[in-house]
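In what follows, a structure is listed as structure tokens, so that the remarks can point back to it.
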Amino acid sequence: MHIEMNLLFTLGSLLGLLVGGGLLKLVSHLARGRIQFMYAICGGILLGLLLFDILPSTWHLYDLKGVLLGIVAGYIIMLCIDLFLHKQNKEIPPLQALILLTVAIFFHNVITGITFGITDMHQSASVLAATLLHQVPEGMAIMTVLSIAKVPNLFFLLIIALLSLSLGGSLLIGDSVQASSLKLQALSTGAAIGTLSFVIFHEIIGKTITHFRNLHVWLLISLGVLVIYVYQYSLSLLHGY
């Protein structure tokens, strides 16, 4: 039963990411020449996920001090990676953002998968549905950065396959672990949040504000946050039924 559920989570993650990427492609087609605005919405979507989904669930499960320490460690790790990539390639920051975003989501998936595997949360159908829906805005964010970096769409399929396999594989690892320290889980979860926070604030929102200093950008970032707020609120209503 565990193997079947792991497979369902992997396929569900892949489906959610595909739907998100497809939605972003549709929006991109309807709003040609407004790529900087798409980048701003992408930052808002990721910020909304952080504020209304990832952080609340983390505070509920783990010790605050351990999570905060992990966040700092994760942020520093991503800062070091950013400095290394900046030295290697100064000409294509969108590609750098794509690499960092992929690394951050990969790390986040691994931590989430291991935690789900240890606690058997992935045996719940509602958690499976929530995970699938959670992948949609992440797929939108990946496709946004990929489009700006002018990377062929084939790489989108490769990236989401990697991310889906990282979730399914880490579920297997979590299944095989008999016991786990809550402090270690808090640190690792915080590190995953730290990596994602770096990408959101430094690579996406930070650079969007730097290059496009106008009210429209702030409004679109707020729109992205609002979309996730409504999205999460709708999920909570569905979960209530």
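The values are calculated or read from the model by the stated rules, or taken from the named source; none is laboratory data. Bear in mind the structure is a predicted one, so any value in this text is a computation, not a measurement. A quick note on method: Cβ atoms are made from the backbone with ideal geometry, for glycine too, and the neighbour counts reach across all protein chains shown. Side chains are part of the model used for accessible areas, which takes the heavy atoms of the whole protein and leaves out ligands, DNA and RNA. Shrake-Rupley method; radii C 1.70, N 1.55, O 1.52, S 1.80 Å.
Of the residues that make up the range 131-139, is at least one farther than 26 Å from Gln185 by Cα, modelled with pLDDT of 75 or more and surrounded by fewer than 24 Cβ atoms within 10 Å (Cβ to Cβ)? Break it down stepwise before answering.
Here is the first cut: in the range 131-139, the ones farther than 26 Å from Gln185 by Cα are none.
No, the range 131-139 contains no residue that is farther than 26 Å from Gln185 by Cα, modelled with pLDDT of 75 or more and surrounded by fewer than 24 Cβ atoms within 10 Å (Cβ to Cβ).
Determine if the range 20-37 includes at least one residue that is within 16 Å of Ile105 (Cα to Cα) and at pLDDT 80 or above. Reasoning before the result, please.
Going residue by residue through the range 20-37, those that are within 16 Å of Ile105 (Cα to Cα) are 20-21.
Among the residues that remain, those that are also at pLDDT 80 or above are: 20-21.
Within the range 20-37, one or more residues are within 16 Å of Ile105 (Cα to Cα) and at pLDDT 80 or above.
Of these, Ser234, Ser166, Ser188, which one is modelled with pLDDT under 80, among the small types (Gly, Ala, Ser) and either open to solvent by less than 40 Å² (accessible area, probe 1.4 Å) or assigned to a helix (DSSP H, G or I) (or both)?
Details: Ser234 fails: modelled with pLDDT under 80; Ser166 fails: modelled with pLDDT under 80.
Of Ser234, Ser166, Ser188, the one residue that is modelled with pLDDT under 80, among the small types (Gly, Ala, Ser) and either open to solvent by less than 40 Å² (accessible area, probe 1.4 Å) or assigned to a helix (DSSP H, G or I) (or both) is Ser188.
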- [ ] Examine the range 191-212 for a residue that is open to solvent by 50 Å² or more (accessible area, probe 1.4 Å), at pLDDT below 80 and of a type in the set (Phe, Trp, Tyr), and state whether such a residue exists.
- [x] yes
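For (1) in contact with a Gly (Cβ under 8 Å, 6 or more places away or on another chain); (2) open to solvent by less than 50 Å² (accessible area, probe 1.4 Å), each residue gets a yes or a no:
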residue: Ile45; (1), (2): yes, yes
residue: Leu50; (1), (2): no, yes
residue: Asp53; (1), (2): no, yes
residue: Leu61; (1), (2): no, no
residue: Lys65; (1), (2): no, no
residue: Leu69; (1), (2): yes, no
residue: Ala73; (1), (2): yes, yes
residue: Leu79; (1), (2): no, no
residue: Phe84; (1), (2): no, no
TODO: Looking only at the range 169-182, count how many residues are open to solvent by 10 Å² or more (accessible area, probe 1.4 Å) and either over 24 Å from Lys65 (Cβ atoms) or at pLDDT 75 or above (or both).
DONE: 6
